[in-house]
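A short write-up of the structure that comes next.
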Amino acid sequence: MPAGEEISRIESEIDDARRDLHETMAQVHQKVEIVESELRPGHKMIQAYPLAALGVGAVLGFLIGNKTHRPTLGPVILGLICGYGAVKAYSMASEKADGKP
């Protein structure tokens, strides 16, 4: 087989492999998006129940704080979660006052 034909055949195989890899990566990306959307917590649920989310976060922070030997870690986590919940609740209240859905 002449060298020119062999090079052409190898280039064709490389192009086919590249195309297959691109298709496989597109399929993997699509599956990752599906799984990610299933595993992601419902932001609408958190927005609909900010005080419940705040309570769950506070309990988790308390439990983590009790299980660690670092006494400042629990209150810091609890403070961060409470702050986030308070900001979220305030932003939702201000959106409702402005008439936004």
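Cβ-Cβ distance of residue 5 and residue 32, R₀ of 35 Å, FRET efficiency by 1/(1 + (r/R0)^6): the value works out to about 0.30. Model label points for residue 25 and residue 13, set 7 angstrom from Cα along the Cα-to-Cβ axis, are 2.2 nm apart. Accessible area per residue for the stretch 1-40, computed on protein heavy atoms with a 1.4 Å probe, is 94 Å². Note on residue 91 and residue 64: with the Förster distance fixed at 25 Å, the Cβ-Cβ geometry gives a FRET efficiency of about 0.45.
The values are calculated or read from the model by the stated rules, or taken from the named source; none is laboratory data. Bear in mind that the values here come from a model prediction, so they are computed numbers and not experimental data. Methodologically, a virtual Cβ is constructed for each residue, glycine included, from the backbone with ideal geometry; neighbour enumeration extends over all protein chains shown. Just so you know, the surface numbers come from the protein's heavy atoms only, side chains and all, with ligands and any DNA or RNA stripped out. Shrake-Rupley method; radii C 1.70, N 1.55, O 1.52, S 1.80 Å.
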